[in-house]
Amino acid sequence: MPSLTALLQPSVKRLQQFALVGLGVLAAASGAYASSWQAGYENALWQTSDPSKLNCELTHYIPNFGEARFIHRAGETVRMEIQPFRNAFRGGVVKLVALAPQWMPGANTRSLGEYDFQKTDLPIRIATPQTELILESLRQGLMPSMLQEDKDQRIEHRRASLTPVNFHRAFADFQLCQAQLLPVNYDQIRDVVIGFNLGGAKLTQADKDQLDLLVRYTYADPEVVLVMVDGHSDSSGTRRDNRELSSQRANSVTEYLVARGMPQEMIKSQYHGQRYPVASNRTTEGRSKNRRVTIKLERELEIKPIF
């Protein structure tokens with residue numbers, strides 16, 4: 001009669017064979033992207049910046065890879081930046097795709113474009129059209145991913161994914177912030193020019209609308225500490241008359257800003273007559289450009305260029 005050990009040997013060998021096959025399947029599945037980064041259900045973190053009229057951010061941390069940020073600055077379109085840890089990707093092409101998560105079997109992979117990745121400390125900056133596609137993919141429950149493959153099979157493939165888990169609540173807060181953004185940012189409104197008719201110092205409705213926006217911006221940006229108002233004229237008339245006219249123009253702007261709520265102590269108003277033309281006074285077009293008031297915003301501790 002054969003021993004119990006002899007009877008069990010075929011079964012043990014068969015179990016070993018099944019185990020090896022199973023490990024081979026797992027290896028094949030995971031080997032497609034030997035380095036893969038993605039937040040799990042328990043650590044999927046999406047965060048929205050505090051409400052602001054100047055800037056909104058939606059941030060997602062990808063464990064062991066880096067951080068993805070959706071940034072919407074006042075006066076601009078939304079953009080995406082990805083800051084990977086050093087050596088997460090190699091230099092070269094990175095494909096942007098939307099993958100289906102495990103709970104959406106059968107959904108197709110969607111191409112979102114490509115990015116030529118350069119190995120620097122600067123973040124990966126994604127253009128607005130692709131950023132909008134990535135956000136739409138997240139809204140649909142897909143996983144926007146960056147894939148980097150190599151023809152040389154000895155070089156590992158890499159994948160980093162954004163998860164839709166916990167996305168929708170944070171995105172709703174992000175949209176509320178976006179709805180409050182001003183139509184301009186500091187770079188767009190830091191230098192304003194108001195033009196005037198020949199011999200005139202009266203503000204038009206378009207001028208007032210522009211100044212209203214400037215007042216709204218200074219209230220929203222606590223870093224703005226000084227508003228410089230400078231009146232100018234062309235060379236028509238005497239120098240004395242031109243100085244008086246430039247003073248009237250500067251006063252028209254200053255008085256309107258104060259009437260709309262800007263603190264008087266925040267404004268430095270000056271007038272210069274015809275001393276600082278920006279165009280030739282020999283032409284009608286040039287003189288029109290010289291009849292102006294310039295308004296410049298300055299922020300606290302703003303860094304000035306050396307040259």
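The values are calculated or read from the model by the stated rules, or taken from the named source; none is laboratory data. From a predicted model like this one, the values you see are computed outputs, not experimental measurements. In this analysis, Cβ positions are derived from the backbone assuming ideal geometry, glycine residues included, and neighbour counts consider all displayed protein chains.
Could you please find all residues in the stretch 171-208 being surrounded by fewer than 19 Cβ atoms within 10 Å (Cβ to Cβ) and small (G, A, S)? A172, A179, G195, G199, G200, A206 - these are the residues of the stretch 171-208 that are surrounded by fewer than 19 Cβ atoms within 10 Å (Cβ to Cβ) and small (G, A, S). Please state which one of V215, V165, V192 is under 25 Å from T294 (Cα atoms), among the aliphatic types (A, V, I, L, M) and not in a helix (DSSP H, G or I). Just one listed residue meets the conditions, V192.
Scanning the stretch 73-88 for residues that are surrounded by fewer than 22 Cβ atoms within 10 Å (Cβ to Cβ) and not acidic (D, E) yields R73, G75, T77, V78, R79, Q83, P84, F85, R86, N87, A88. Of the strands (runs of 3 or more DSSP E) lying entirely inside the stretch 40-128, the ones with 2 or more residues being of a type in the set (A, V, I, L, M, F, W, C) are found at 55-62, 66-73, 79-84, 92-99, 110-117, 124-126.
Here G113 fits the description: in contact with a helix residue (DSSP H, G or I) (Cβ under 9 Å, 6 or more places away or on another chain) and modelled with pLDDT under 90.
If you scan the stretch 115-126, which residues turn out to be loosely packed, with under 14 Cβ neighbours inside 10 Å and more than 19 Å from T59 (Cβ to Cβ)?
D116, Q118, K119, T120
Please determine whether any residue of the stretch 206-217 is in the same structural domain as M266 (by TED's automatic domain parsing) and among the small types (G, A, S). Yes, some residue in the stretch 206-217 is in the same structural domain as M266 (by TED's automatic domain parsing) and among the small types (G, A, S).
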